[in-house]
Amino acid sequence: MALIEAPPVDMILFFQKVRKAQQEWAEEISLALTEEQKEKVQTLLSKKEHAWSHELFPFEPTRLRQYGEGILDLLQAMLQREDGSDENNLGTLSSLHKLLKGEEASEFYRLLALGDFEELEQKGLALDIDLPLLHYFIRAMLKPYLLASSKALEETIATRDWREPFCPHCGSEPTLGRLSKEEHGKRYLYCSTCETEWPFRRVVCPFCANEDQYSLPIYYVDEERHYRIEGCNQCKRYLKTVDERYYQKQERLDLYEEDVATVQLDLVAREKGLRQK
Ligand SMILES: [Zn+2]
Ligand SMILES: [Zn+2]
């Protein structure tokens, strides 16, 4: 079964609505850390390991269910505005319904709270749900927790001192880059899973550590000088990057929004033979 098909404008709106809900849910989660826990986090970071862990911030199945059902409702509302008769979408929605709201749901949220992703994938596949779509839902349901934990660890994690190619908070790979205007093009990496940003060396691929500048091509799209695709001919991956020095936008830069709004860059990257993962 395919992924959900919808016009990009609708998808962007959907992502924005989901994010707003996630931010509200995150506000309701209170995570207080003891001094001992904070010290544990510091030790992890000093060993170049990321801070977040399941033990530190356990998930509650009832909350996860609230998030899963909420996100599914938003998806359904988005598709209903369209011609609701797209068979593919209807099939996918019905499977998601079974998984997140139907008979399977209790077991699904129990497994999700345990972090048993292998078993979750089996459940998704049994219902013919595309893995990328399932992964999107899983990440989206866990995000309120990650936002809350990122906040709780704000003062514990010194992101400015982190130099690794993965997120100091949740351990994910970067999803976007930023070249700072104030710091004359200093490079930052951004994790959209938990919305954390940290500095990183400029001419090096964050995915394979390639430092050969001749095999790290940069591509631009039309006249949009403030967006660039930083590719790597060694691992064939790419990172969308916002170059603030050329950005005319006055409001505060929101990298999450930039990520969802720059689908055209992903298409160009794909044409160049590069891939996201
Ligand atoms: Zn992260
Ligand atoms: Zn690479």
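The values are calculated or read from the model by the stated rules, or taken from the named source; none is laboratory data. Since this is a predicted model, take the numbers as computed values, not measurements. Heads up, the Cβs are rebuilt from the backbone with ideal geometry, glycines too, and the neighbour counts pull from every protein chain shown.
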Which is modelled with pLDDT under 95, of a type in the set (S, T, N, Q) and within 14 Å of ligand 2 (Cβ to nearest atom), of Q276, Q264, Q248?
-> Q276
Consider I4 against the criteria (1) closer than 18 Å to C194 by Cα; (2) touching a residue at least 24 places away in the same chain (Cβ under 8 Å); (3) within 21 Å of the chain's Cα centre (by Cα): it satisfies all of them except one. Which criterion is unmet?
-> (1)
Can you tell me which residues in region 183-198 are farther than 17 Å from S150 by Cα and of a type outside the set (F, W, Y)?
-> E183, H184, G185, K186, R187
Please specify each residue of region 191-217 satisfying the condition of being more than 16 Å from ligand 1 (Cβ to nearest atom), without any contact (Cβ under 8 Å) to a residue 40 or more places away in the chain and either surrounded by 21 or more Cβ atoms within 10 Å (Cβ to Cβ) or under 23 Å from the mean Cα position of the chain (by Cα) (or both).
-> R201, R202, V204, C205, C208
Which condition does N233 not pass, out of (1) within 16 Å of ligand 2 (Cβ to nearest atom); (2) crowded, with 18+ Cβ neighbours inside 10 Å, if it passes all the others?
-> (2)
Inspect all residues belonging to region 11-26 and state whether any of them is within 16 Å of ligand 1 (Cβ to nearest atom), closer than 18 Å to E154 by Cβ, of a type outside the set (S, T, Y) and crowded, with 16+ Cβ neighbours inside 10 Å.
-> yes
Test set (1) over 13 Å from the mean Cα position of the chain (by Cα); (2) outside the structural domain of K249 (by TED's automatic domain parsing) - E223 fails condition number = (2)
Does region 117-135 contain at least one residue that is under 26 Å from A51 (Cβ atoms), within 16 Å of ligand 1 (Cβ to nearest atom) and in the same structural domain as T62 (by TED's automatic domain parsing)?
-> yes
Among all residue pairs at least 6 apart or on different chains, which show Cβ distances below 6 Å where the first residue, located in region 224-240, is within 18 Å of S180 (Cβ to Cβ) and in contact (Cβ under 8 Å) with a residue 60 or more places away in the chain and the second is part of a strand (DSSP E or B) and within 16 Å of ligand 1 (Cβ to nearest atom)?
-> L239/G177; K240/L176
Hey, F59 hits all of (1) within 20 Å of H169 (Cβ to Cβ); (2) outside any loop (DSSP other than H, G, I, E, B); (3) under 21 Å from the mean Cα position of the chain (by Cα) but one; which does it fall short on?
-> (2)
Evaluate the following for Y220: is it more than 27 Å from S150 (Cβ to Cβ) and aromatic (F, W, Y)?
-> yes
